[in-house]
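The structure's right below; bear with me while I get my questions together.
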Amino acid sequence: MPLKIYARIVPSEEDLAWNKFINECRWGDILQFSQWGSIKANEGWSSLKVGVFAADTGSKVEGSEQLILAGQILYKKATFLGNYAYMPHGPVFDNHESLENGLPVLSEFVSKLAKEYNFFCLEVEPKIGFLSANNQNQIESQGGKNLEHFFTGDLLKVFKNNGFIQTGRNMQPKHKLYYDLGLGEDELIQQCQKNTRYNIRLAKKKGVQVIEYTPDSPEIKSKVAEFYDLMLITQKRAKGYPIRPFKSFLTMFEAFKGTNNLSLFEAMYDGQTIAMNISQRTKWWSSSFYAASNRLHSKVKSMYLLRWESILAAKSSGSKSYDFWGIIPNSSQHSGYSDHKLSFGGYRVETYGLLALPFNKLYFMIWNQGIWFRTRIVDRFRKLIWKVAD
């Protein structure tokens, strides 16, 4: 039977089916779960979910439509321009064919929505890119099969053929680092640098304990409060960087109750909490993209064991890849942040960043140029504030 492919807004009543699709897709992650919209509402964003469906035109079976491409849009007012629309780590699709068939339908549908919602552009940031040159031989000799969808196939061309343009900007990390969790634990530990393997063993020997809390743990609210206190300490130590409001973290764990998609890991030593991270997982993807510490007992190397236990927990849950979330190469300011992650080995993937679909070309040009200046002004102002604070 011929297929009819169409797009529509997906209401909250269909969140279970939406999340199931995101959870099972290789390109899906936490930023496309329906819960992420409620989390971002604490930061002034509105959201809507757009799904592209395929259905047999001759089928008489109710509910025979199949979701093939999904994108949660976050939008926010941009002064004088209208509403800025952004799709973090989306759209999500189940295979290359679904992207090729679904993206034209999505683009046309959102273009019509732009009039109703006053969007001057849509910027998407799918998890696609290319393998770093120094990993080419490694991927062939050491596996990495569970990572190939991030960098194989000319997916960028599909977006360009549907009117998207590369902006040269990014909101999510442009430089990614991945583990293939299909490898055995011994194979993963061998990817680590010698000092990192030593530090993991040292933390265990010294008695560092790593405890996992789920959204359903009775003490989760107090643990989230402890984590946020550590975040503030880490922010001050790093001379300031933006962090989400405390309410966003509370909403995050409340929204993911009853799921296996979110955990908080705590590293304890001598009865004290010294480091924490928040980890996320789907059937294909996992990550720890919030971490904080107070640097008490730094000689016991708790952060290495905390990261390692988070990786093993993701592998044990069935996730097939682990995303170190991002590195910032060639940055003296962020060298510690990047070097710690790079010491675990893994595969480097360079993403294509933000791809834009302009609806008002003049307004988009103003936005695209203005964001560059605004980012640098804010960055300089933040550095000045923290310099005065010192």
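Of LYS4/LYS176; LYS145/LYS299; LYS160/LYS257; LYS76/LYS257, which ones are farther than 30 Å apart at the Cα?
Beyond 30 Å: LYS4/LYS176; LYS145/LYS299; LYS160/LYS257.
Something else about it: Using just the helices of the chain, give the 222 nm mean residue ellipticity in deg cm²/dmol: DSSP H runs with n ≥ 4 each add -39,500 (n - 2.57), and the total is spread over all residues, rounded to 500.
-12500 deg cm²/dmol
In whole angstrom, note down how far apart the Cα centers of region 283-303 and region 25-86 are.
Using only Cα atoms, the two centres lie 31 Å from each other.
While we're on this one: Report in % the part of the accessible area of the chain that belongs to carbon and sulfur, leaving out ligands and nucleic acids; probe 1.4 Å.
For the chain, the apolar C and S fraction of the accessible surface comes to 52 percent.
Another question about this same structure. Convert each backbone phi in region 268-281 into a coupling constant with the Karplus relation 6.51 cos²θ - 1.76 cosθ + 1.60 (shift: θ = phi - 60°), then list the ³J(HN,Hα) values in order as whole Hz, x for Gly and Pro.
Using θ = phi - 60°, the values come out as 10, 8, 6, x, 10, 7, 10, 7, 8, 9, 9, 10, 10, 7 Hz.
How would ARG244, ARG26 rank on accessible area, largest to smallest, probe 1.4 Å?
Largest to smallest exposure gives the sequence ARG26, ARG244.
Determine the per residue accessible area of region 221-305 with all protein chains present and a 1.4 angstrom probe, expressed in square angstrom.
For region 221-305, the solvent-accessible area averages 43 Å² per residue.
Normalising by the residue count of the chain, find the relative contact order in percent from Cα pairs under 8 Å and 6+ residues apart.
In percent, rounded to a whole number, it is 21.
Roughly what would the spin-label model give for GLU14 and LYS205, points 7 Å off Cα along C-beta, in nm?
5.7 nm
Report, in order of residue number, the helices in the chain meeting two criteria: a C-alpha extent of 15 Å or more along the helix axis, and a mean Kyte-Doolittle hydropathy of at least -1.0; treat each whole DSSP H run as one helix.
Flagged H segments are 96-117, 220-237, 302-317, 361-389.
The values are calculated or read from the model by the stated rules, or taken from the named source; none is laboratory data. These numbers come from a predicted model, not from an experiment. Reconstructed Cβ throughout: ideal geometry from the backbone, glycine too, with neighbour counts over all protein chains shown. To get the accessible areas, we keep the full protein, side chains included, count just its heavy atoms, and leave off ligands, DNA and RNA. Shrake-Rupley method; radii C 1.70, N 1.55, O 1.52, S 1.80 Å.
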